[in-house]
Each structure stands twice: as structure tokens, then as C-alpha cells.
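Working notes, beginning with the structure itself.
The values are calculated or read from the model by the stated rules, or taken from the named source; none is laboratory data. Since the model is a prediction, treat every value here as computed from it, not as a measurement. Here the Cβ is made from the backbone with ideal geometry for all residues, glycine too, and neighbour counts use every protein chain on show. These accessible areas exclude ligands, DNA and RNA; they are computed on the full protein's heavy atoms, side chains included. Shrake-Rupley method; radii C 1.70, N 1.55, O 1.52, S 1.80 Å.
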Amino acid sequence: MNSNARAAASALLLATILLLAGWLAGRTGADILPAESYAANPIDFVTRTEAMIAASQVGRTAEGMPVVRPPPGDVYVRVRRWEFSPALELAPGQTYRLHLLSEDVVHSAAIGDAEVLLEPNTVKVVTLKAPATGRVRIQCGEYCGLGHTKMIGSIEAVP
Amino acid sequence: MPSALWSLESLPPVRRAEMRGWVLLAVGSLAVAGTLALLLGLSRTPKVQDWLPWGPHFFYRALVTHVVLSFEVWFLAALGALSAMAAPPGVWGDRLGRLGLVLGAAGVVLLLIPALADQGEPSLNNYVPVVGHKLFYVGLGVHAIGVALASVRLLPLLWRRPRVCAAYGIACGALIYLAALICFGLAWALIPAGTDPDLFNERVFWGGGHVLQLLNTLILMVAWQSLSERQYGSGPLPAALANACFAALALFAAASPLIYALGGDVLGLDHRQIFTRLLWVGLPLPPLVMGLGVAWRLISAPRDWRSPAFLALALSLFVFAVGGFAGFFLGVADTRTPSHYHAVIGGVQLGLMGMVLAVMLPLLGQTAGQGRAVRVQFHLYGWGQLVHALGFFLAGAAGVPRKTTGIDQGLDTLWKKVSMGVVGMGTGLAVLGGVIFVWMALVRLLRPTVAQRAESGHE
Ligand SMILES: [Cu+2]
């Protein structure tokens, strides 16, 4: 009985050391969204976003933001406390390059199960393939103030 | 025999006085936290809010202070009480304990001031939310140092033999706590000056906050050990295996500060995620092994549903297991309201409540008895937490992205209302259980002991 307990204890500690080594070594970041980045002037970025909104808005608003249906390719999204704007309507199956720029503090974009950190003054570009139907979850994953939990963007695939 | 480890006679009067102080600080903090919860409810009630002396931002300040008292201070003061029980006898240990208790209590008083004085920017960052005011940070720091002083005297137990299960577990808890403090300190030192306050708060408490979850788990395991000794005369596992469970958690905590050297930028995403993985990789195994031992005890030995120790064991295991299962295997879809976290913490709370009523009070010469109030309290709190978690789970299921048009949308709204109603019902039951607990514990802590009453001829 006593030797069984000792064997079990040794097994538990051995398993723990293996788990520990795995934890310390395993920082591959599988849940980090791959992204390109470039430095950008916030004013230029806003100009580009406004031009996109003017060219592709559908005439509706969602939660106070204009809904935009841009052609596949480059899409500009302004990020600030506590919104991602504009709201996007995407064509199913098409591929988009989301350019995200934070205008105030550090935020993040959690899209699906992966996430990218958004520091001010650096645009992050992530590739997004619109699903056949439904919403794509995009929300801030880095605490950024009392409105943080409501910082959820609107991306929807509409045929 | 382990069951004879802690008795009224084995704890010297100095230690008993210190321990009573820590338990009073722990339960008193819960009482203040409950009062704050009531006030913050009133501050959002029309008409009544005009009568309160606080401005519109009182709500978040009170919420932050409520969370810090009912999660941080309650668990850390409990660690202080455990340290008074387990520390090796000696003058230095007594002095450290007394000084620690004074600092621990002074810190709590300081951190209460900003909320009551209606000052400071509240921040609802993870783990340790803060009121952005000097006195709040100073209060947290003073409290933390107090608990640290009480904890360091336990470190010699880590290599002393023979190892006594519960005492060794508590010493592992002290080690985990000190590792969390080192993480807080390293983060503080590494975060660049001028970082936005919200991000600063989030990241300064991120790593250590995760390590504190290991401490909560360990406190639950120590409660299982002690309650099982009280109920069955021996722990749930053979001593060597139980000690290995405690040590396994402590190993992960002890290695955690390394992340500040290995895990990249303290403000980066890698750093954040490696601590998230700490809980996935490091936390589940030890409580799983010990929980199986507890489950075996509950099944194979006679079940006494009138005994507070038995109820605390059974309900804390069940609630903790439901929460742990939901978190680990179902992955819970909505990351923002992790329903499993409430259940897991609810399980820890039940274990610690049982520890206070069935182990600590008897050590102070008080008895919780087998009265109906004790049983009702455990059932209300335990089932309340389960109903609460179920409601959140339902609400989360409603939030899953899907096609919503016309009738579907109406059904969705109804579903949300029902699930939030379930959450509210669970909260109500749990709060009622919590209030009964605080009341029973405070009354017993403040009245003369059984022996004193017998002496003065009242009984
Ligand atoms: Cu944000």
C-alpha cells in the first residue's frame, strides 16, 4: 500500500515535470493571428477609410456605424475605445485583407479563435475569408477601459 | 495520526489569537464586500440614489472594491489563518505573524478609502481590478506584504521531515503566494513608464493573477485534506500522493516568474497567452487526482448529510468538478463570461467556508454545530452557484453566432431573458447562502468561547 502510494506520487511528479517543461518550451503561439504590419499616419488612414465608406456604403447603419460592402481586397477598419468601424458586409467565400489601426491605446482584434495585438501607429493587416453565411466574431481581447467588454465589431457574410 | 494534527490543545494561545485575527479579517472583508454590493445596487436604484452621498462613478469603484475584498482579501487572509495553524512554533514566527496580521488589516482599511471618498479612476481589468488612486495601490501593497510576512515562516516546512500533509500543503500555498508576488513585482518593474493606465493594470496583475488561481486551487485541496481528516480521521489520499499533489501545483508556481525572462515582451501577446496556458497545463492534474480520492471517500464511507465537514466536502467537490469539466472539456464558447470560472471559484469558496466552520472555529474553541442553518447555508450556496453557472451557460449558448431573422430573433430574446433570469435566481440563492455563512462565522468569532462561557456559568 505504502509503496503503491510512493509510486503514484513519483508518477504524478514526473508527469508534472514533463508538463512544466512543455509549458515553458511551448510558446509557438498557435492562437496568434498571422499579420503583416506597416507604420501609418493616422490621418492618412482615416482618409482611406472615409474614401472606402463613401465608395461602398450600402445606406444602412448598424449600432450607429455605416454598413459598408467593400469589394474583395483591401478593407480599412478604424479601431478605438470602444469600437471597430465601419460595420462590414462581406461576400461569401471571398478573401479580404483587413487593415486595422488603433487610434488611441493598445487594443486587440480577436477574430475566430486567434488574436492580433493592435498598437497605436502600426497598421496590422490580416487575411480573412468570408464564411458562407453568418457573422464573423471580431472583438477586442486586450483590456482597454470600462467599455472593453462591449468592444465588438460587426462583420457579416451576406450573399 | 494526522487527525490529531490540529486540536484546541496543539495550538498555543498566541497562535490562536493570531489565527482568530486572520479569520476575522477574512470573514469581515466578506461582510464589507456584501455591504458594498448592497450599496452599489442602491446607487443604481432610482430615488434611493439621490439619498446616497456618492457621485455617479461610485458604482464601479464600489464594484472594484467588492471584487478585491471578496476574491483577493478573503483568500489571502484565509492563507494568513492557515499559516498561523501550520507555522513551526517559535518566537520569530509569532512576531512575523502578528506584524503580518497588523499590516494585512491596515492594508484593507487603506484600500477601502478611495471608494468611500469617491475618488480615483476605476479599472475592471482581469484578476485584481483597481481603483486608480495611490491609497488603493498602497493598501493592496501593504496587505500583500502582511500576508507575505505570515507566509515566509512556512518555507522551512517545505524540506522538513516527516511531512505532515495539511501543513505541507499550506507551506506549498505560501510558496505559490510568494511566487505570485514576485510575478507582480517583475511585471511592475518591466512595464515601461508612461504605459496607459488600463494596460498597465491589466498586465501588472496578469501573471501573478494567474498564479493566484493556483493558490485558490491549493487552498481548496488543503480544505479537502483537513475536512477529510475531520470527517473520516484521515486524508482523501495516502500521504505521499497528497503531498505530491500539493508539490505539483507549487512547482508550476515556482517556475512562473521565469516567464518574465522567457515569454517575450511583458506587453506582448505571447506573454499574455503563455499565462493563459499555465492554467490549462498546470492546474487540472493535482485537483483531479485529489478530487478522485475525495470522491472515493464520499462513495465508500458512510454519508452523514448532517455534518458540515461532509457537506462542504461533497458540495465543493461537485461544484468544482462541474466547473472544471465545463472549462476543460467543453471549452465554453463565449470567452467573455466564462461560466465555468464562477463554478470553479464557487467550489473553492465552499471548501474554504467548510474549513472555517468545521476546522478553524473548533480550533478557536467554538462550534458550528450540526444545526439547520449550517446545512441550509451550504446547500443554498452550492446549488445557487450551479444554477448561476447553468444560466451563464444558457446565455452563452444564445450568444453563439447564427442566422437570426424574424421569429428566430424573438425566440432569441426570450431565450436570453430566461437565461438571465436563471442567472439571477442562482445569484440570489448563492448570496443568501453567503450571508448566512458570514453571519454564522462572525457571531461565533465574536462571542466568548465555549470554555469561557462554561467558566462564567452561562452554560
Ligand atoms: Cu479595446
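Quick look at the numbers
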{"read-out": "Projected area averaged over orientations for the protein assembly as shown, convex hull of C-alpha atoms, nm²", "value": "30.7"}
{"read-out": "P(r) of region B:127-269 over all Cα-Cα pairs, binned every 5 Å from zero, in whole percent", "value": "2, 10, 17, 20, 17, 13, 9, 7, 4, 2, 0, 0"}
{"read-out": "Over region A:31-157, relative contact order from alpha-carbon pairs under 8 Å, at least 6 apart, %", "value": "27"}
{"read-out": "Filtered trypsin sites (Lys or Arg not before Pro), region B:11-74: DSSP coil and at most 12 other beta carbons within 10 Å", "value": "B:44, B:47"}
{"read-out": "Net charge of Cβ neighbours under 13 Å - reference residue B:235; Lys, Arg +1; Asp, Glu -1", "value": "+2"}
{"read-out": "Average accessible area per residue (Å²) across chain B - probe 1.4 Å, nucleic acids and ligands excluded", "value": "41"}
{"read-out": "Rounded to whole Hz, the Karplus (6.51, -1.76, 1.60) HN-Hα couplings of region B:106-117, x for glycine and proline", "value": "4, x, 5, 4, 4, 6, 6, 4, x, 5, 6, 7"}
{"read-out": "Within the accessible area of region A:31-157 (1.4 Å probe), percent carbon and sulfur", "value": "52"}
{"read-out": "Accessible surface, 1.4 Å probe, highest first, among residues B:123, B:43", "value": "B:43, B:123"}
{"read-out": "Within a Gaussian network of chain A (alpha carbon springs, distance under 10 Å), most fluctuating of A:142, A:103, A:63", "value": "A:63"}
{"read-out": "Descending principal axes extents, chain A, alpha-carbon based, whole Å", "value": "77, 34, 29"}
{"read-out": "Cα gyration tensor of region B:1-120 - equivalent ellipsoid semi-axes, whole Å, descending", "value": "37, 14, 9"}
{"read-out": "Residue B:425 accessible area, assembled protein chains, probe 1.4 Å, Å²", "value": "120"}
{"read-out": "Projected area, mean over directions - chain B, Cα convex hull, nm²", "value": "24.4"}
{"read-out": "Solvent-accessible surface (1.4 angstrom probe) belonging to residue B:299, in square angstrom, nearest 10", "value": "120"}
{"read-out": "Residue order for B:415, B:22, B:54 - accessible surface, 1.4 angstrom probe, largest first", "value": "B:415, B:54, B:22"}
{"read-out": "Solvent-accessible surface (1.4 angstrom probe) belonging to residue B:45, in square angstrom, nearest 10", "value": "50"}
{"read-out": "Fluctuation leader among A:11, A:114, A:130 - chain A, Gaussian network, Cα springs under 10 angstrom", "value": "A:11"}
{"read-out": "Expected 222 nm ellipticity per residue - DSSP helices of 4 or more, -39500 (n - 2.57), all of chain A, to 500", "value": "-8500 deg cm²/dmol"}
{"read-out": "Spatially proximal lysines relative to residue A:150 (Cα-Cα < 23 Å; intrachain offsets below 8 disregarded)", "value": "A:124, B:403, B:416, B:417"}
{"read-out": "Relative contact order for chain B, counting Cα pairs under 8 Å that sit 6 or more residues apart, in percent", "value": "13"}
{"read-out": "Sequence of B:388, B:66 from largest to smallest accessible area, 1.4 Å probe", "value": "B:66, B:388"}
